[in-house]
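Heads up, the thing below is written out as structure tokens.
The values are calculated or read from the model by the stated rules, or taken from the named source; none is laboratory data. As the structure is a prediction and not an experimental result, all values here were calculated from the model. Glycine gets a Cβ as well: all are built from the backbone with ideal geometry, and neighbour counts include every protein chain shown. Protein only, heavy atoms only, side chains kept; ligands, DNA and RNA dropped before computing areas. Shrake-Rupley method; radii C 1.70, N 1.55, O 1.52, S 1.80 Å.
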Amino acid sequence: MAKIDNAERERRRKLVAAHMAAENAHDLEAILGTFAGGAEMMFNKTPFTGEGLRMAHILFGMSATDPGSLSGTVVRPEGESFTDDSIVIDGTVTGLHVGDVLGFPATQRQVVLPYVAIYRFDAEGKLVSERIVMDFSPFATPGSAR
Amino acid sequence: MTELTRRQFAAGALAAVPAVGLLGGCGDDEAADPRARLQALVDAHVATENAHDLPGVLDTFAAQPEMVMNGVAFHEVAAIAAGHVAFGMAMEPGGLADTRVVQERSYVLDGEDALLVEGTVFAIHVGTVVGFPATQREVALPYIARYRFDGDDKLVSERIVMDWEALART
């Protein structure tokens, strides 16, 4: 039986939709504005806070003004679930691989990166925790990585 | 920017991830506590994977299961078995060896008979797996898995996103 009422589900849906809309608009300041002060993003077990949040989003091509290692980045949510305090989104990030990522040189190929993300917002609607696992292997051509 | 981000990612990828004692063997509590039941079912599934007991792994699945790994869906038991062999979860050799699945966090999914688990698969990369040739190195593969069960406590759906980046390094 569901414990999270529809109003709370809708609140979380709208907040995460706004976050992803900012990412798809490559509006870095708007993205960062969705985070609370002291927010943490855990990305494939690596924590990012503060300036690290900015750099990680730039790397993924989510800034219109700072070139990253992906360009034409699109976040495509495909499914949602809810935990006691979070909304869980699974989907893909697509983009053109135009720069080095973790030592994998640019391939100029379109990559499709599946992910699951767990977003937790505070009472003010700010993102306090984003925990993601994303498959980075599409950046590699088998046998080509360092 | 790129170099700092790279170091941050590398530090995380190489970090030893301690096993967290999750629920298991909860006995009578399972009936009253959905979380305890779901965690015990996932613990049992993972225990068979860590024992490399393929028949045991397959026995935790329902008759018509779904498994989705990084967006690719498998519905045939034979394909699910082959996937577990490839990842070193059977006695027969696969692309990974000494495989160990470590759960780190789990969440009950509201309104679903399902548990979401964050964890890491540790193994030695001894053969070609998902197209990436052996490196003989130890790899740590972070994952988030969603396990959904039926009324008979069988796994009807296992949907995983796992970072295979460590397999891609030569």
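Listing for the model above:
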item: Inter-residue pairs, beta-carbon under 8 Å, first within 15 Å of A:PHE121 (Cα to Cα) and in region A:74-86, second among the hydroxyl-bearing types (Ser, Thr, Tyr) and surrounded by 14 or more Cβ atoms within 10 Å (Cβ to Cβ), 6+ apart; result: A:THR83/B:TYR107; A:ASP84/B:TYR107; A:SER86/A:TYR119; A:SER86/A:SER129; A:SER86/B:TYR107
item: Check on B:GLU92, acidic (Asp, Glu), closer than 22 Å to B:PRO142 by Cα and more than 14 Å from chain A (Cβ to nearest Cβ); result: no
item: Any hit, region A:51-73, residues being without any contact (Cβ under 8 Å) to a residue 40 or more places away in the chain and within 15 Å of A:LEU15 (Cα to Cα); result: no
item: Of all residues making up region A:118-145, the number that are buried (at least 17 other Cβ atoms within 10 Å of the Cβ), of a type in the set (Asp, Glu) and more than 7 Å from chain B (Cβ to nearest Cβ); result: 1
item: Of all residues in region B:124-147 being in contact (Cβ under 8 Å) with a residue 12 or more places away in the chain and at positive phi, the one that is nearest to the other protein chains (Cβ to nearest Cβ); result: B:VAL130
item: Selection from region A:77-117 of residues that are of a type in the set (A, V, I, L, M), crowded, with 20+ Cβ neighbours inside 10 Å and in a loop (DSSP other than H, G, I, E, B); result: A:LEU102
item: First in region A:102-124 and on the phi > 0 side of the Ramachandran plot, second anywhere and surrounded by fewer than 14 Cβ atoms within 10 Å (Cβ to Cβ), Cβ under 9 Å, 6 or more apart; result: A:LEU102/B:ALA10; A:GLY103/A:ARG146; A:GLY103/B:ALA10
item: Single condition A:MET41 does not satisfy, out of (1) assigned to a strand (DSSP E or B); (2) away from chain B (no Cβ under 12 Å); result: (2)
item: Boolean, B:LEU38 is within 14 Å of chain A (Cβ to nearest Cβ), closer than 12 Å to B:LEU155 by Cα and either crowded, with 18+ Cβ neighbours inside 10 Å or modelled with pLDDT of 95 or more (or both); result: yes
item: Candidate set from region B:62-83 (those that are open to solvent by less than 40 Å² (accessible area, probe 1.4 Å) and β-branched (Val, Ile, Thr)); member that is farthest from the other protein chains (Cβ to nearest Cβ); result: B:ILE80
item: Condition broken by B:ALA10, with the remaining ones in (1) facing another protein chain (nearest Cβ under 10 Å); (2) at pLDDT 95 or above satisfied; result: (2)
item: Some residue of region A:57-72 being over 11 Å from the mean Cα position of the chain (by Cα), surrounded by fewer than 21 Cβ atoms within 10 Å (Cβ to Cβ), more than 8 Å from every other protein chain (Cβ to nearest Cβ) and in a strand (DSSP E or B); result: yes
item: In region A:30-41, the residues that are open to solvent by 40 Å² or more (accessible area, probe 1.4 Å) and within 22 Å of B:LEU141 (Cα to Cα); result: A:GLU40
item: Residue pairs meeting the criteria (Cβ under 8 Å; at least 6 apart or on separate chains; first more than 10 Å from chain A (Cβ to nearest Cβ) and farther than 20 Å from A:ILE132 by Cβ, in region B:105-119; second open to solvent by less than 20 Å² (accessible area, probe 1.4 Å) and of a type outside the set (D, E, K, R)); result: B:ASP113/B:LEU38; B:ASP113/B:PHE149
item: Residues satisfying the stated conditions in region A:28-43, i.e. more than 15 Å from A:ARG131 (Cβ to Cβ) and either among the basic types (Lys, Arg) or under 13 Å from the mean Cα position of the chain (by Cα) (or both); result: A:LEU28, A:ILE31, A:LEU32, A:THR34
item: Pick from region A:118-141, criterion assigned to a loop (DSSP other than H, G, I, E, B) and within 16 Å of the chain's Cα centre (by Cα), ranking: nearest to A:GLY61 (Cα to Cα); result: A:PHE136
